Amino acid sequence: MSDAAQLTITEVRAAAEAVKAAIDRHLQAVSSSTEPGDPVVVHAYEELAAAAIAYDQILYEVYDEVTPFEIPGDDAGAGYQGPDHPEAISVLIRRDYLIADPKRLRAQAERVDESLAPGEGAEGEVTAAIGVLFGEYEPDEIAARAEEFGLEEGDSTLWVSATEPADPGEWLPEPFDGADPELLICRFDVSEVYDDELDEL
């Protein structure tokens, strides 16, 4: 086992230990509280939630597994209200990128489409280069090769929702209007925020 792999597994174990310690602190705070809304309990709850999220995140990154725990947020609502056996699912994905290197982005697009050969003002034609690259490559490949394309990954989220079977082309005019939180089966978020929380732990 490489040193890098061993380090990663150590990080997973450290995150698991952080969850255990947070559970102990939360139980201690709850059992010692004498008033509703005790700030000590609230703080312990927030620490436990952060530890659980951090553990879930690194567990997924290293082992491609998740925990059965769901940490409710302010927008958690009533949770999933859809059918137990949906006839179809809809997968909504958002990935944000910073255009870190427009010249590199342009150069990669020129390799695909010779009509984008360097010329006057070529460096500023970023939108044309983006259209070429996303027309040529699958979104997953662009995500995997973001740096190569002059992009810097930002936050991303993937939603899997229950839906009704749709006829071809039925929802294309307004493809994202049907995102109903009550039909959300599962959601996976990737953000630097979670990395920062893990570093703090």
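The values are calculated or read from the model by the stated rules, or taken from the named source; none is laboratory data. The model shown is predicted, which means the values in this text are computed figures rather than measured ones. Backbone-built Cβ (ideal geometry, glycine too); neighbour counts: all protein chains shown. Please note that ligands, DNA and RNA were not included when accessible areas were found on the heavy atoms of the full protein model with its side chains. Shrake-Rupley method; radii C 1.70, N 1.55, O 1.52, S 1.80 Å.
Residues in the range 90-117 that are modelled with pLDDT of 90 or more, among the hydrophobic types (A, V, I, L, M, F, W, C) and loosely packed, with under 13 Cβ neighbours inside 10 Å: VAL91, LEU98. Close Cβ contacts (under 7 Å, 6 or more residues apart or on different chains) running from residues in the range 37-58 that are within 24 Å of GLU192 (Cα to Cα) and in contact (Cβ under 8 Å) with a residue 40 or more places away in the chain to residues that are basic (Lys, Arg) and crowded, with 19+ Cβ neighbours inside 10 Å are absent.
If only residues of the range 171-193 that are open to solvent by 50 Å² or more (accessible area, probe 1.4 Å) and under 17 Å from the mean Cα position of the chain (by Cα) are counted, the one that is modelled with the lowest pLDDT is VAL193. Please state which of the following conditions PRO83 fails to meet, knowing it meets all the rest: (1) open to solvent by 80 Å² or more (accessible area, probe 1.4 Å); (2) in contact with a strand residue (DSSP E or B) (Cβ under 7 Å, 6 or more places away or on another chain); (3) at pLDDT below 90. Just one mismatch for PRO83, condition (1).
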